[in-house]
Amino acid sequence: MLKVESLTKKYRNVVAVDDISFSLNQGDIVGLLGPNGAGKSTTIKTIVGLLRKNAGSITIGSYPSTSQEAKKKFTYVPETPELYDMLTVWEHLQFIAYAYDVANFAEKAERLIERYDLWDKKDKLAKELSKGMKQKVSICCGLLPEPDLYLFDEPMIGLDPKSIRETKLIFKELSEQQKTVLVSTHLLDSIENLCDRVLVMKQGRIIVDMTMEEMKRKLGNSGSVSLEDLFLEVTKDE
Amino acid sequence: MNEFKLLAKRDGRIIVNHFKEIRSNPKRLGIYLLYLVWIGSLVFNVVLRYRNPVEIQAQLGSQIIGAGFVGVGTAFLLYFLYRGTLESSTFFTMGDVHLLFPAPVSPQKVLLYSMVKQSLLHIFLYGFLILALMPLIMNTSRIDLQYLPFMYLGFIGLFLVIAPLNFLVFALGSKYGLQLRLQQGIFALIVIFILYLAGFIIAAGDLWQGLLQGLNASWLDYLPVIGWSKVVFMTAVTGYSIYSIAGLVLQLLFLVCCIVISYYTADDYYEDTLKATEQRALRKKQKAGVEKAQRFSFPFSKKKLFVRKVGSGPWALFWRSKVEYSRSDFHPYLGFWTIMFLLAGIGVGVFAGKQTDGLTPLYIVNGVIAYIIFIFSASNAAQHELTKPYIFLIPGSNLVKIIGSNLTDILRMFANILALNIPLGILLNAPLQIIMILVIFDVSFYILNLSSNFLIRIIFPNALDQKALYPLFLMLQMLLLLLPGIIVGGVLAFVFQNLVLIFAGIAAVNIIIIGVLLLLSNKVFARLEWI
Ligand SMILES: Nc1ncnc2c1ncn2[C@@H]1O[C@H](COP(=O)(O)OP(=O)(O)OP(=O)(O)O)[C@@H](O)[C@H]1O
Ligand SMILES: [Mg+2]
């Protein structure tokens, strides 16, 4: 579904992403982890086409990531919600529906808005929303087109417990529908039972790319190890 | 810790970091070099002018300068006093608001430090303004270079008191609930000023004579702030006297008083400066092209509205901006400015129709409008869309994205230009085809600017560079984009001896350039980044 090969991205003279390769198959739910500044957001933004890559190739379902065909196959939820101040919640979804040609969007949008408890905020302008509510709208915009590939950059930030649970549930459903998801996050326990695989980045490189079982097996001491322990173990400085 | 030491240390670090950044990115130096060249050319201009002064009439020249200073200065002062009753001026940044204000430091000392710092900075910055005005002043009257420092001090003396005075008016007004009183007082001052001038105009029986006499009346020199700074300012024109020093001392005392009184009254001003600080931060961002300028909108902000779907894919961008405009205006394509343009068209038409028979006013108005459109639409318009990821994400042709995100703005401008030109053209008896050519001419400038906006992003992807380079870019834009049209138009008009052809020629070349820019849209988009 998504194939990244020797991708490099520099900001002026800072190498933010350094020659990374990985691929996601259809139905994979993959967590993208790493300490602050590891290059997670840069990787996702480059895949999405918001940043220009310096080297390497990215294909989405056999199309180059910047092509129109590729753009129809994925959605992206940015790190911080970027909404239009003068549009209401509902109009945001309407806008996305028109942009992505979503069939019977009203029904889908209503369901999403209900799930995220935004129904009574439906006609509020984005500039009147709280930070967490904006994040919810941003997520709804990412979910509405029902694409094959979802790219989420720290979607849980600022959400209340109920919405976090709802988001996790949605990930489960996506996995059942054989959708592909790449989600960057710091909330390890929120994806622990969700992802089949994790990519751990550090200083622009991928230092770990394994399934959850492999990871646990590799570090031995069986059941009692949490993802957090594993993460701290692999990212610690020598 | 001592507040002053703390703040001075902070500013020291900021300056050092600026230098460090320049060292790591020496390209910046080029920008500053260009500014130096610009300032140098101003100085050069001044020196050249000084050798061959063009004198109108000694007496008249100095009167014009005096009147200009008093007229503009008073207008400024009254405006800022009035603003002071509504909102505070600010000496702070958002960083101060979030980090300094919550810290255990004395608000009074912070204010004192910031006021003094800003004053010192302005002494330097406003110097450029007077430098830029020098050629104009020297063209009007002979000035004594020996007393140039007085001219400079008089000029900045006026500007320096504005911010502290504005702050003081706000602080006192809100503290003692005097806003309404102050507003009434300021209105009274405005009315007195206008009546005073009107009296002179009627007595002299001539607009200009009256203004000159009224604004140069000798008793004005005794007025605080405006009069004192005028005396200092005019030293270089009318010669030195003991009053020059007196004015200077009084002006300085006044400034110190403002700052000291602010210091003693301001203990709880954090909230008051919040709004102004936020707005200033927003304006900075807008200049850098990161944020769209807030448009004028009517107080009713409609919540419920229905805008029909206008197409799918990138056309959703068109739908979106229609929604935004429908919400903030009474019609997606017509708004406040349409009315203003309509009124201007009728006004100029009636006024000019009486004076002349020709179409010259029509040409002049459209020339000026096109120029203003080009200069002022540069920073806002489509930039807004580029601050959001959606324009990059939406599947669809890049050409349609550019058109879709700009179409509402273009149609609105089209409506405004029509509203201006139709009444104007009818009142001046202009043939329809000429009106149409002029409308296309104006709108072509607008579209030219919108379509070249995307290029700015590529050439200067860094927001800070965009801000620093903005004037430079405007010049470049003018040279590259406007010059071809003007040359072609000029040649056409010269060959065929027909003024309309200038406009037609420029419009045609603009349209060609727009076409080229649009054809390049795919290349442009491939290079755009959303950082
Ligand atoms: N606009 C920028 N200009 C210059 N350098 C940048 C820019 N954005 C990011 N970087 C640098 O690129 C590197 C990767 O940043 P990125 O935002 O991808 O990290 P991240 O893994 O998403 O971190 P976080 O967990 O904090 O979101 C960092 O070293 C950062 O300093
Ligand atoms: Mg990030």
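Numbers for the structure displayed
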{"quantity": "Burial ordering of B:93, A:88, fewest other beta-carbon atoms within 10 Å first", "calculated": "B:93, A:88"}
{"quantity": "Peptide A:59-71 - average C-beta neighbours from other chains (10 Å radius)", "calculated": "1"}
{"quantity": "Peptide B:391-400 - average C-beta neighbours from other chains (10 Å radius)", "calculated": "5"}
{"quantity": "Computed [θ] at 222 nm, helices only, for the protein assembly as shown once each DSSP H run of length n ≥ 4 contributes -39500 (n - 2.57)", "calculated": "-21000 deg cm²/dmol"}
{"quantity": "Amide H within-cut-off set for residue A:11, under 5 Å, with H built and near neighbours excluded", "calculated": "A:16"}
{"quantity": "Neighbour-count order for B:521, B:24, A:226, B:451, fewest beta carbons within 10 angstrom listed first", "calculated": "B:24, A:226, B:521, B:451"}
{"quantity": "Per-residue ³J(HN,Hα) for segment B:448-453, Karplus 6.51 cos²θ - 1.76 cosθ + 1.60, θ = phi - 60°, Hz, x for Gly and Pro", "calculated": "4, 5, 4, 6, 8, 4"}
{"quantity": "Normalised alpha carbon radius of gyration of chain B [divisor 2.2 N^0.38 Å]", "calculated": "1.11"}
{"quantity": "Under 5 Å, built H, 5+ apart or other chain: amide partners of residue A:197", "calculated": "A:29, A:31, A:212"}
{"quantity": "Peptides ranked, highest mean first, by Cβ atoms within 10 Å: ranges B:344-353, A:114-123", "calculated": "B:344-353, A:114-123"}
{"quantity": "Antiparallel %, DSSP beta bridges [both residues in the protein assembly as shown], to 5", "calculated": "55 percent"}
{"quantity": "3J(HN,Hα) from dihedral phi, segment A:149-154, Karplus parametrisation 6.51/-1.76/1.60, rounded to Hz, x for glycine, proline", "calculated": "10, 10, 10, 10, 9, 6"}
{"quantity": "Inter-part distance where segment A:31-75 and segment B:202-257 are each reduced to a Cα centre, Å", "calculated": "66 Å"}
{"quantity": "From phi via Karplus (6.51, -1.76, 1.60), per-residue ³J(HN,Hα) for segment A:191-196 in Hz, x at Gly/Pro", "calculated": "10, 3, 9, 10, 7, 8"}
{"quantity": "Inter-part distance where segment B:416-430 and segment B:312-367 are each reduced to a Cα centre, Å", "calculated": "11 Å"}
{"quantity": "For residue B:88, residues with placed amide H under 5 Å, excluding near neighbours", "calculated": "B:276"}
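Any read-out appearing in this document is the output of simple, stated calculations on the displayed coordinates, not a laboratory observation. Computed from a prediction, not measured in an experiment: that's the story for all the values here. Cβ sites come from the backbone with ideal geometry, for glycine too, and all protein chains shown count toward neighbours.
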